[in-house]
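Everything below concerns the one structure shown next.
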C-alpha cells in the first residue's frame, strides 16, 4: 500500500489531474491486477450474506416501497420482446430481489431497490476506522450493472468479482483515512466513489471515464448525518441505496462524455475545504500500488446479530452474562449498569449521544438499532438477539425491560477508544467493559474486545456460517428449491457466464409479495 497525501489546493495552484485523489482512485480501479483466491472466497461469502439479509426484509415497508419504485422503471417492452425472442433470458436490465428473474428493470433502479433490501435490517458487513462503513453496500449497484451490461460488455462472474473487490478496497481505504462523521457528514459519501470505481473495474473502463464518474458520485452523495441522529427514520436504509444509484448514473454520464467538478476533494471550494476538516486539512489515504492485489475486503467483518456493529460484541457479552449471572437481568436486583467503551460507541449509539429516543420504548426500529442501552438490556434478559422479535413494540415496552433499560448508561474509556482506532488488527477492538452494580452491593464485571463472529473472535464466521445465515433468514420467504439454486450459483460466482449473472437474485415464494400492498407514488 502507498500513502497519498491529500490536502486543499487553491485554484491558482492548478493541481495536476494525476495528483488528485479521484484520479489515483481511478488508477486503482483501472489496474487489471488479478483477485487473490481468498478475496474471491470472501466476495462469495458477502454475496450470500447480502442475499440473506435482503430475503429477511422483502416484506418490510421501506423495501416494498423501494421495490415498487424500481418496478415502475422496466426496460421498454419492445426491447424486452426482442431479447426474449433471441435468448432464454433477457441479457439487458437488472433483477430485483423478490421478483422473478425474467423481470428486468433499469440498473440504477435495481441498485436502489436491492440496496434498500440489503441495508434495511442493518445486518450485513461492516468496517470501522476513522470512518465507519458497510462495504457490502457496493454489491447491489455493481451487480445491477453487471447484469444489465453482461451481453454488451461480454462480462462474466470473474469481472463481477473484480468489480466488487475494487468497491470494497476503495471504500475501506477512504474509511481508514478520512472521517466524515466528525463533521456530521453521512458515511455514504465514501460509498458513491467506491461504487463508481467498482463499476469502472467491472466494465474495464479507462481511467479518465472512471475519474469523472468518481467525482460526480462524490459530489451527489454528500449529506448530513441527521439520517442517523435522534428519531432515526427509514431513510437510514435508503441512504446507501441512493449512493449506489448515483454511482450508476455517474458512470452513465461519464460514458457519455460528461465531466465532474474538479478537483472534487482538494479544490478550495471542494469537499474537504467546506464539508470536512477545512482549508488546512491533510490526510494520508492508503491505496494499493500498481500491480498490488486488492485485499481490503479481508479486513471487514459481518454481523451475527441484526444490530449496529458496535453492538455485536455487547450482544455476545450480554448472552454470556444471561447464563452466568441471571440476577443481572432483574431490574429489582440491579442498581446500575455502566458500559465502559470507545468514544464512538458512547457518543453515537450510547447515552453520550444525548438522544432521549434511545431510551424510548415507542422509538422506531431504526432508533432502537442504534441504542446500546436497549440492545444490551434485551440481550441480557433474553440471552440472545432476534432480527424481528427483539425489536417488536411489545418487546420494547415490557415493564421489566423499560425499568432495567433506564439503569444502563455508557461512558467513554480512553483505552477502549485507543483500541477502537488502532491500526493493528490484533489490537483493534469494538467492545469494552461492563460494570453491573447489584442492589445488595455486589459488583459483576466482565469485558469483551470483539464479537464472537469477528475474525479474531470466539467463533469466526466461515462459509458454513454465511450459508446457515442465508438458510435461516430465507426459510420463510423462499422455496427450498430457490434457496438451493441461489447458493449453488453464488458459490460458482467467478465461473458464471454472462447469461448466468442474471441468476444472482432471489425470487420470493408464490403469493408472498402479492399479499403486501405496495404504496402509491408518482411513478
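Some observations on this one:
- If you take the Cα centroid of segment 470-496 and the Cα centroid of segment 146-221, the two points sit 26 Å apart.
- Rounded to 10°, Cα long-axis angle of helix 37-56 versus longest principal axis of the chain: 70
- Spin-label zone in segment 250-268 - amide nitrogen under 17 Å from a point set 7 Å from the Cα of residue 284 along the C-beta vector: none
- Full extension of the chain between residue 481 and residue 332 gives 48.7 nm of extra length, using 0.36 nm per residue less the Cα-Cα distance.
- Compared with the direct C-alpha span, the chain from residue 1 to residue 277 gains 97.0 nm at full extension, assuming 0.36 nm per residue.
- Alpha-carbon centroids, segment 20-58 and segment 351-393: separation in whole Å: 31
- Calculated [222 nm] ellipticity per residue, helices only, for the chain: -13000 deg cm²/dmol; basis is -39500 (n - 2.57) per DSSP H run with n ≥ 4, divided by all residues, nearest 500.
- Taking every DSSP bridge with both residues inside the chain, close to 80 percent are antiparallel.
- The overall shape of segment 304-409 is rounded: from the C-alpha gyration tensor, with semi-axes ordered a ≥ b ≥ c, the ratio a/c is less than 1.5.
- Against the chain, whose longest principal axis comes from its Cα atoms, helix 463-474 is set at around 90 degrees.
- Put a dot 7 Å past the Cα of residue 225, heading toward its Cβ, do the same for residue 468, and the two dots end up 3.5 nm apart.
- Proxy reagent accessibility, fewest Cβ within 10 Å first, across 407, 184: 184, 407
- Shape of the chain from the C-alpha gyration tensor: oblate (a/c of 1.5 or more and a/b not above b/c, with a ≥ b ≥ c the square roots of its eigenvalues).
- Packing, taken as the mean count of other beta carbons within 10 Å per residue, orders the peptides 258-266, 273-281, 342-350, 108-116 from highest to lowest as 108-116, 342-350, 258-266, 273-281.
- Between 0 and 90°, nearest 10: helix 207-219 axis offset from the chain longest Cα axis: 40
All of the numbers you see were taken from the coordinates with simple rules; none came from a lab. Not measured: the values here are computed from a predicted model. Neighbour counts run over all protein chains shown; Cβ positions are idealised from the backbone, glycine included.
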